[in-house]
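What follows is a set of notes on a single structure, which appears directly below.
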Amino acid sequence: MKTNKFKEFFATSWAIDNKTSVYVLTIFITLLGISSYRSIPKEQFPEIVIPTILVNTVYPGTSPEDIENLVTRPIEKQLKGISGVKKITSNSLQDFSSIAIEFTTDVEVKDAKQRVKDAVDKARTDLPNNLLDDPNVADIDFSEIPIVFIQISGPYDLVELKKYADIAQDKIESLPEITRVDIVGALEREIQINLDMYKAQAASVTFSDVERAISSENMTVSAGNISTTGMKRSIRVQGQFSDMEMIKNILIHSSSGAVVYLKDVAEVKDFYKEQESFSRLNGQNVVTLNVVKKSGQNLLVASDKIQDIIDNELVNKELPSDVTITKSGEQSRYTRNTLEELNNTIIFGFILVTIVLMFFMGFTNAFFVALAVPLSMFVAFMVMPGLGFSMNMIVMFGFIFALGIVVDDAIVVIENIHQIHHHEPNIILAAKRAAGEVFLPILSGTLTTLAPFFPLAFWPGIVGEFMFYIPVTLILTLFASLFVAYIINPVFAISFMKHEYDTPDKVKLRRKITFQIIFVLMIALVSYAFYFANGSISAFGIGNFMVFVAAMIIFFHALLNPYIKWWQEKGWPFFMHLYERQLKFVLIGRNPLYLLLIVSGLFVFTFILIGIRSPQVLFFPDNMPNNINVMIKLPIGTDQKVTDSVTKIVEKR
């Protein structure tokens, strides 16, 4: 006797035969996925290394024309000989030269920086000898962008605010997520030595004599080691200045042989450098702390810890009550909003997918198909740390983009199991046969969907560095959906799938529904109790999810079930009948040829229309601004105090 063998997919058959292992695997995926999601670093943007090197040179008292001729052009001349350079851009301003060297993306930033340093060293012989400092060579590093600006303001002068800023700096820099905290806008201490011209001439003392005397005195010198009483002792001569009197009493030897004290020929003042920048908040003096995060650390955790320090250690504790701390430019705010939108999108997507599928597959089938959304995300979360991905805006967009696609594979598998189960009473055989029948179509369909995204993963240039995360996230998530559709969904189907046309026992059905609701609500109560005891956000989320499940069970059986039956028995067959009539009409006589001509004409017309009225191409869409910057431009050479006085007038308007 000939046995009819059906096609089956070995992985699905193994999963069905070992369903207990698959349930355990599902629990592990859920727990590890949630754990990975919590541990993945959260950032606003991915840390992209831009192969652009900056050469900045300061030459005080020089006009833009002289800066270009004396500084910019000699350096550019040497830079042009560097290999791998894509573009060189220079700006010559008053007292300042800036040159940006953009390399091709195949050049490592470390190598590019060394090449530029070598070129600048060659150009030094052609540069002025009286430069304030050597040209500064620096690369662009996104991790060096401050994650938040903390303004400390109040009715105090900048000296007092600097003391409070030092306290905040020490506390924030102690966090393991923080690289450093820079203080901006504070006065910088300076010891001023104002030489009296007439007294110096009378004592035959020159500026060089004073400079030489101070530099030779302000140092600590090591004198080596000495052995005494069986011990070796280190000897050093301490000469660094510790107070103003030490500076005033420096002995200066003049060229005439005279010896005078510094205080006899100069005024020595403990003062501050001339203020070159001014900062105010609501009209009050302000000192700003620029907080820089360590690369790879969690932005949200760092932000929460900084806020905790401000609330519990600084405000009204180590700082006076009239000192105000304000945060601005906080990157975590945008990252947190985007992350919440991703979570909400996943939740709402799960709900909407479940509701829509209820009309075609019933509640149980729809629910387990919709589980493909979070399970696919969990699998992707587990793999992301191995790829070095952080949870940033680009990755989140990829997840949102994949949200509506991940259920496609599960829908086809579950629907085919559902159809075959009508004719095959054995649900295990039905599931194996259904998965085997649609394996190749689903695999080819998924690969076809992913095909346009594979080239995007090799997109060159800086834009490609940013966009790399979208195709990789999509590829990862959709392959995860394949795994869920062929391994996990068939196991759910053989355990819970029922014929919707079977006439159920109403008493048993009512008991079953009551048991399900009570069981789910008990899990919710335990989760809420754990949340109130430990403050776990995850427990609170699980509780909310269980309440949603209970609400969906009640909603389905009490309100939605009659409409679903009407849709399956009357509504959907009506639309299928309309589709059948349209399909028959299209296939009659020469109608297929006419349809092909019409579609081809529309295709050509689309290209013509785009050529006539081309759409505007933007890298990012225009959005409403969150901030307004007012730029005040005064003539070159205007004193900074005059600029500050004009700014005060603008502030009051």
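The values are calculated or read from the model by the stated rules, or taken from the named source; none is laboratory data. Computed from a predicted model, the values in this text were never measured in an experiment. Heads up, the Cβs are rebuilt from the backbone with ideal geometry, glycines too, and the neighbour counts pull from every protein chain shown. Heavy atoms of the whole protein, side chains included, go into the accessibility calculation; ligands, DNA and RNA do not. Shrake-Rupley method; radii C 1.70, N 1.55, O 1.52, S 1.80 Å.
Looking at the structure I just gave you, is residue 278 surrounded by 15 or more Cβ atoms within 10 Å (Cβ to Cβ), among the aromatic types (Phe, Trp, Tyr), touching a residue at least 60 places away in the same chain (Cβ under 8 Å) and within 23 Å of residue 187 (Cα to Cα)?
Here the answer is yes, as residue 278 does meet what is asked.
Could you run through the range 163-221 and say how many residues are over 50 Å from the mean Cα position of the chain (by Cα) and in contact (Cβ under 8 Å) with a residue 60 or more places away in the chain?
7
Just one of 308, 270, 264 is free of Cβ contacts under 8 Å to residues at least 24 places away in the same chain and either open to solvent by 20 Å² or more (accessible area, probe 1.4 Å) or of a type in the set (Gly, Ala, Ser) (or both); which is it?
Within the list 308, 270, 264, the selection yields 308.
Condition first: farther than 29 Å from residue 292 by Cα, acidic (Asp, Glu) and either modelled with pLDDT under 85 or open to solvent by 30 Å² or more (accessible area, probe 1.4 Å) (or both). Can you find one or more residues in the range 82-100 that meet it?
Within the range 82-100, not a single residue is farther than 29 Å from residue 292 by Cα, acidic (Asp, Glu) and either modelled with pLDDT under 85 or open to solvent by 30 Å² or more (accessible area, probe 1.4 Å) (or both).
Which residue out of 106, 157, 141, 133 is among the charged types (D, E, K, R) and free of Cβ contacts under 8 Å to residues at least 60 places away in the same chain?
106
If you check residue 604 against the conditions, is it in a helix (DSSP H, G or I), modelled with pLDDT of 85 or more and within 30 Å of residue 278 (Cα to Cα)?
It is false that residue 604 is in a helix (DSSP H, G or I), modelled with pLDDT of 85 or more and within 30 Å of residue 278 (Cα to Cα).
Give me the pairs, please: first residue somewhere in the range 562-579 and assigned to a helix (DSSP H, G or I), second residue anywhere and open to solvent by less than 80 Å² (accessible area, probe 1.4 Å), beta-carbon distance under 6 Å, and either six or more positions apart or on two chains.
Close Cβ pairs satisfying both conditions: 564/358; 564/359; 567/359.
Answer yes or no as to whether residue 539 is within 29 Å of the chain's Cα centre (by Cα) and in a helix (DSSP H, G or I).
yes
For the range 54-66, how many residues are part of a loop (DSSP other than H, G, I, E, B), touching a Phe, Trp or Tyr at 6+ places or on another chain (Cβ under 8 Å) and open to solvent by 40 Å² or more (accessible area, probe 1.4 Å)?
0
Restricting attention to the range 46-79, which residues are among the acidic types (Asp, Glu) and touching a residue at least 12 places away in the same chain (Cβ under 8 Å)?
Selection gives 47, 65, 68, 76.
Would you be able to say whether some residue in the range 39-53 is closer than 28 Å to residue 129 by Cα and loosely packed, with under 14 Cβ neighbours inside 10 Å?
No, there is no match, as no residue in the range 39-53 is closer than 28 Å to residue 129 by Cα and loosely packed, with under 14 Cβ neighbours inside 10 Å.
Filter the range 90-137 down to residues that are small (Gly, Ala, Ser) and in contact with a helix residue (DSSP H, G or I) (Cβ under 8 Å, 6 or more places away or on another chain) and give me whichever is farthest from residue 66 (Cα to Cα).
Ranking the qualifying residues of the range 90-137, first place goes to 119.
What tally of residues in the range 382-404 results from selecting those that are open to solvent by 10 Å² or more (accessible area, probe 1.4 Å) and part of a helix (DSSP H, G or I)?
Here the count works out to 10.
Condition check ((1) of a type outside the set (Val, Ile, Thr); (2) more than 30 Å from residue 391 (Cβ to Cβ)) across all residues:
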| site | (1), (2) |
| --- | --- |
| 288 | no, no |
| 294 | yes, no |
| 298 | yes, no |
| 304 | yes, no |
| 312 | yes, no |
| 320 | yes, yes |
| 333 | yes, no |
| 337 | yes, no |
| 340 | yes, no |
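Sort through 176, 135, 128 and tell me the only one that's more than 27 Å from residue 320 (Cβ to Cβ), modelled with pLDDT of 85 or more and surrounded by fewer than 12 Cβ atoms within 10 Å (Cβ to Cβ).
176
Name the residue that is surrounded by the most Cβ atoms within 10 Å (Cβ to Cβ), counting only residues in the range 325-378 that are farther than 30 Å from residue 286 by Cα and small (Gly, Ala, Ser).
Per the criteria, the residue is 376.
Please list, ordered by residue number, the strands (runs of 3 or more DSSP E) wholly in the range 172-248 having 2 or more residues that are under 28 Å from residue 276 (Cα atoms).
Filter on the range 172-248 gives 178-184, 189-195.
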